[in-house]
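Asker: One structure coming up, written as structure tokens, with questions to follow.
The values are calculated or read from the model by the stated rules, or taken from the named source; none is laboratory data. The structure presented is a predicted model; accordingly, all values stated were derived computationally and were not measured. Here Cβ is always computed from backbone atoms with ideal geometry, including for glycine, and neighbour counts include all displayed protein chains.
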Amino acid sequence: MTHEKITEGVKCVVNTCSYYKEGDYCSAGKIEIRPRNAKSSDETDCATFEPNSLR
């Protein structure tokens, strides 16, 4: 699975994700952040994450 385009305006530093691109970019076509009722950024998580091993 190759992801070439970057998602404008999204910074990602998770270099173990298959959507990660050098320069801290995300190449997912869209992203999903959860959960709905989070009260702080510490309670959020990127549901789009796929480990590099799934490439």
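Asker: Give just the number: which of (1) at pLDDT 95 or above; (2) basic (Lys, Arg); (3) exposed (fewer than 10 other Cβ atoms within 10 Å of the Cβ) does ARG55 not satisfy?
Answerer: For ARG55, the failing item is (1).
Asker: What are the residues in segment 21-50 that are assigned to a strand (DSSP E or B) and more than 15 Å from LYS11 (Cβ to Cβ), if any?
Answerer: Result: ARG34, ASP45.
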